[in-house]
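Beneath this line is the structure, given in structure tokens, with notes to follow.
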Amino acid sequence: MKHYFLITLILISVNTYAQKSLNIIKLKETKRIETILSADDMLGRRAFSAGNEKAAAFIASEFEKIGLQKWKGGDSYLQTFPMVKKTNANNRSMFTFDLTQQGEQVKLSNVVGVIPGKSKPNEYVIFSGHFDHIGISTRNMQNNDSIFNGANDDAAGTTAMIMLAKYFKKLNNNERTLVFAAFNAEEMGGFGATYFSKQFDPAQVVAMFNIEMIGTESKWGKNSAYITGFEKTNMGEMLQKNLTGTGFEFHADPYPDQQLFYRSDNATLARLGVPAHTISTSKMDSEPNYHKASDEISTIDLKNMNEIIKAIALSSRGIVAGTETPTRVDTSSLKR
Ligand SMILES: [Zn+2]
């Protein structure tokens, strides 16, 4: 009995400590960052546009304030890479990494920051969201609004990633190296994540938490989210276990027909064997503002979003501490 009592006490204090530390994830900050990223002056953050570069600069300035390290001792949080832009017969722009191709040379930037691990610096845990969106368009224009703000898609995930960087930097106890990445050009074909995935040995990446569209309530209501590709590794079960008794719940993706696992930047890493999943709350069968100019901050439930960020932080505890390691993705089971 004595032992049980002691164990219970320890468990309670670990849990209270974890829950208490969540106060670092402040609604006011989440609101500030989400507001800036989804503002009209970001012009919809389309890749290869001035609004996109402005968003990247803002994210880099947040990383600087938090005190993240730069990727591999570089001199910028911006991970800039060249591509070639070609125009096809239908006058559509096409982009390629093959710099030997004819066309205009253009540049894109991801934004990447790092908190080195204390005892396992060569084991990486990635937290990510894509900061690009689809820009300005007059098609299906409503209320004279042509700016696709992408407040939920994916200013919300990008905000979460920045808030998690703030959280883990304050905690300062991660045993594994944490990599925070804002990916570019997800909406155009995942160019940012593709470039990023070639900058390290994928075997070094223990897990990837990609965050997409957590600004609305999930189909289960508040404080719950889902994990895409749940059955592909045991990472989802691990996260669920870490949330037991916290008031938060993660479920398996309830929209398997939509193939969400393959529709965000996690897929790029998963194809290399990395346990890489997307966490989302988006009701994919009924989100009225998805890929519309009306995806504005006024439609975001900021309070619930801030709670979901806390849930992600709690769920990742064992992986960040180096005590839990998810199984790898069997790449032969993936769709091409
Ligand atoms: Zn998205």
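The values are calculated or read from the model by the stated rules, or taken from the named source; none is laboratory data. Please read these numbers as outputs of a predicted model, since none were measured by experiment. Using ideal geometry, Cβ is built from the backbone for each residue, glycine included, and neighbour counts are taken over all protein chains shown. Heavy atoms of the whole protein, side chains included, go into the accessibility calculation; ligands, DNA and RNA do not. Shrake-Rupley method; radii C 1.70, N 1.55, O 1.52, S 1.80 Å.
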*asked:* Go through region 37-48 and report how many residues are in a helix (DSSP H, G or I) and open to solvent by less than 60 Å² (accessible area, probe 1.4 Å).
replied: 4
_Going residue by residue through region 239-261, is there one that turns out to be part of a loop (DSSP other than H, G, I, E, B), within 16 Å of the ligand (Cβ to nearest atom), more than 25 Å from residue 203 (Cα to Cα) and among the acidic types (Asp, Glu)?_
yes
*asked:* Given the condition surrounded by 21 or more Cβ atoms within 10 Å (Cβ to Cβ) and farther than 24 Å from residue 304 by Cβ, answer yes or no: does some residue in region 159-175 qualify?
replied: yes
_Every residue in region 129-154 that is open to solvent by less than 10 Å² (accessible area, probe 1.4 Å) and out of contact with any Gly (no Cβ under 8 Å at 6 or more places or on another chain), please._
131, 153
*asked:* For region 106-154, give me each residue that is touching a strand residue (DSSP E or B) at 6+ places or on another chain (Cβ under 6 Å), closer than 17 Å to residue 37 by Cα, of a type outside the set (A, V, I, L, M) and away from the ligand (no atom under 12 Å from the Cβ).
replied: 109, 110, 135, 146
*asked:* I need the full set of residues from region 217-240 which are over 19 Å from residue 20 (Cα atoms) and open to solvent by 20 Å² or more (accessible area, probe 1.4 Å), in order please.
replied: 217, 219, 220, 222, 230, 231, 232, 234, 237, 238, 240
_Candidate set: region 94-107, residues that are of a type in the set (A, V, I, L, M, F, W, C) and either in contact with a Lys or Arg (Cβ under 7 Å, 6 or more places away or on another chain) or within 30 Å of residue 172 (Cβ to Cβ) (or both); chosen: the one least open to solvent (accessible area, probe 1.4 Å)_ = 106
*For region 37-76, enumerate the residues that are of a type in the set (Asp, Glu) and under 12 Å from residue 150 (Cα atoms).*
40
*Looking at (1) over 20 Å from residue 272 (Cα atoms); (2) open to solvent by less than 50 Å² (accessible area, probe 1.4 Å), which is the one condition that is false for residue 91?*
(2)
*If the Cβ limit is 6 Å and pairs must be 6+ apart or interchain, which residue in region 263-275 that is within 16 Å of the ligand (Cβ to nearest atom) pairs with which residue that is of a type in the set (S, T, N, Q)?*
264/210; 264/278; 265/210; 266/210; 266/278; 268/194; 268/197; 269/197
_Odd one out for residue 257, checked against (1) open to solvent by less than 50 Å² (accessible area, probe 1.4 Å); (2) out of contact with any helix residue (DSSP H, G or I) (no Cβ under 8 Å at 6 or more places or on another chain)_ = (1)
*Run down 157, 215, 192 and say which single residue is outside any loop (DSSP other than H, G, I, E, B), within 16 Å of the ligand (Cβ to nearest atom) and either in contact with a Gly (Cβ under 8 Å, 6 or more places away or on another chain) or under 24 Å from residue 31 (Cβ atoms) (or both).*
157
*asked:* Any residue that is touching a helix residue (DSSP H, G or I) at 6+ places or on another chain (Cβ under 9 Å), among the aliphatic types (A, V, I, L, M), away from the ligand (no atom under 16 Å from the Cβ) and in contact (Cβ under 8 Å) with a residue 12 or more places away in the chain - is there at least one of those in region 223-235?
replied: yes
